[in-house]
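Let me begin by presenting the structure, written as structure tokens, before commenting on it.
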Amino acid sequence: MKPRTTSGVQGNGPASVYEPFLCEIESIRDLTRTEKIFRLIRPDGLAFGHRPGQFMQVSVFGIGEAPISVSSSPIRGDYLELAVRKAGRLTGAMHNLSPGDSIGLRGPFGTFFDSSALEGMDLLLISGGCGLAPMRSLIQYVEDRRADFGRVTILYGAKSPGDVLYRDELAKWRQAGAFACQVTVDDVPDGTCWDGHLGLITRLIPPLRIDPVRTVAVVVGPPVMYRFVIEELHAKGLQDSHIIVSLERHMKCGIGKCGHCAIGHLYCCIDGPVFRLDTLPSLSEIL
Ligand SMILES: Cc1cc2nc3c(=O)[nH]c(=O)nc-3n(C[C@H](O)[C@H](O)[C@H](O)COP(=O)(O)OP(=O)(O)OC[C@H]3O[C@@H](n4cnc5c(N)ncnc54)[C@H](O)[C@@H]3O)c2cc1C
Ligand code: FES
């Protein structure tokens, strides 16, 4: 979506892209059984200088480092929020931290959802699972600049009601009327209350009324979601140049040096994670 921008840190980050800077955890909130949201502040009070869609390399001392997407909008305040799923060593250690503790950050890194290419367009924001974390950064941005965008439709899918991220905010987005917002889950366990849709997220696309010329779709989710969502978007007449995806790859350096995140001739960490679909190799290669 955006030309590569990050051979180094943007905004107010430190000069060295190799050296983590310390941040304080201001608050931690449970999102689900396995995901927590961390609000971070810099001791010097400066902003993090990120754009929606970018990621940080997060380090816990003595454990290691992992890429985590920024989940908050840069225009909401001089803080940064990360939604973190407990997946392994680093994220498990993060889940044991408390407000007032420090963690290390490098970044922000990577390409972003370029608001100048989205302004004036209808937006179809489709996310699955943890994909709502980076998407929320864009949604908050659009919410605060609502007049700059056309119709905005949010579609979100999770495995079960207990896996739905940002439940309160989804309800608020649905009720406030600024967006059309639909949430679906694959399965509702017995005894669980659920008033949203049931079934895969792809089922929400065919009934939508979309003008393919003035619509841009942004898709963020698990790898299995992309192929089927993109097929439905094509069926609606959207060209690849109107489809933006954010991809995940195993990463080490985050700055285009180690080659761990290669997608064909591209590096996910500096050419992505946000890509316009027509700039990528074939779907089978990227998935
Ligand atoms: C650009 C980017 C943005 C990300 N944003 C987030 C985010 O917002 N929130 C979040 O919770 N996680 C995010 N991740 C995923 C996170 O970086 C990995 O889960 C990371 O491995 C966690 O580190 P760990 O030490 O806790 O787990 P590890 O011990 O490294 O791994 C746990 C398990 O996850 C697998 N794994 C590791 N990396 C990946 C990957 N990139 N894709 C698929 N499987 C992987 C491992 O093989 C292992 O099975 C993001 C990854 C990328 C590349
Ligand atoms: S993570 Fe090292 S090149 Fe992308």
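The values are calculated or read from the model by the stated rules, or taken from the named source; none is laboratory data. Please read these numbers as outputs of a predicted model, since none were measured by experiment. Cβ: placed from backbone, ideal geometry, glycine included. Neighbour counts: every protein chain shown. Only protein heavy atoms, including side chains, enter the accessible area calculation; ligands, DNA and RNA are left aside. Shrake-Rupley method; radii C 1.70, N 1.55, O 1.52, S 1.80 Å.
If a residue must be open to solvent by 30 Å² or more (accessible area, probe 1.4 Å) and either modelled with pLDDT under 95 or among the basic types (Lys, Arg) (or both), how many such residues does the stretch 23-46 contain?
8
Within the stretch 171-195, track down each residue that is of a type outside the set (S, T, N, Q) and open to solvent by less than 30 Å² (accessible area, probe 1.4 Å).
Ala171, Trp173, Phe179, Cys181, Val183, Val185
Taking the criterion of being open to solvent by less than 10 Å² (accessible area, probe 1.4 Å), more than 14 Å from ligand 2 (Cβ to nearest atom), more than 15 Å from Tyr156 (Cα to Cα) and touching a residue at least 24 places away in the same chain (Cβ under 8 Å), would at least one residue in the stretch 250-269 satisfy it?
Looking for residues that are open to solvent by less than 10 Å² (accessible area, probe 1.4 Å), more than 14 Å from ligand 2 (Cβ to nearest atom), more than 15 Å from Tyr156 (Cα to Cα) and touching a residue at least 24 places away in the same chain (Cβ under 8 Å), one finds none in the stretch 250-269, hence no.
Every residue, every condition in (1) within 14 Å of ligand 1 (Cβ to nearest atom); (2) more than 18 Å from Val58 (Cβ to Cβ); (3) touching a helix residue (DSSP H, G or I) at 6+ places or on another chain (Cβ under 6 Å), yes or no:
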| site | (1), (2), (3) |
| --- | --- |
| Glu231 | no, yes, no |
| His234 | no, yes, no |
| Leu238 | no, yes, no |
| Ile244 | no, yes, no |
| Glu248 | yes, no, no |
| His260 | yes, no, no |
| Gly264 | no, yes, yes |
| Tyr267 | yes, yes, no |
| Pro273 | yes, no, no |
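Identify, by number, the condition in (1) within 16 Å of ligand 1 (Cβ to nearest atom); (2) open to solvent by 20 Å² or more (accessible area, probe 1.4 Å) that Asp278 doesn't meet.
(1)
So Pro223 ticks every box in (1) over 18 Å from the mean Cα position of the chain (by Cα); (2) loosely packed, with under 14 Cβ neighbours inside 10 Å but one. Which box is left unticked?
Unmet for Pro223, out of (1) over 18 Å from the mean Cα position of the chain (by Cα); (2) loosely packed, with under 14 Cβ neighbours inside 10 Å: (1).
If you scan the stretch 199-214, which residues turn out to be under 14 Å from Glu231 (Cβ atoms) and either open to solvent by 40 Å² or more (accessible area, probe 1.4 Å) or modelled with pLDDT under 95 (or both)?
Passing the criteria: Leu200, Arg203, Pro206.
Which count do you get for residues in the stretch 38-57 that are under 18 Å from Glu248 (Cβ atoms) and in a strand (DSSP E or B)?
So the count comes out to 3.
For the stretch 58-170, which strands (runs of 3 or more DSSP E) that fit wholly inside it have 2 or more residues that are under 30 Å from Thr192 (Cα atoms), touching a residue at least 12 places away in the same chain (Cβ under 8 Å) and open to solvent by less than 30 Å² (accessible area, probe 1.4 Å)?
Qualifying strands (runs of 3 or more DSSP E): 79-85, 122-128, 152-158.
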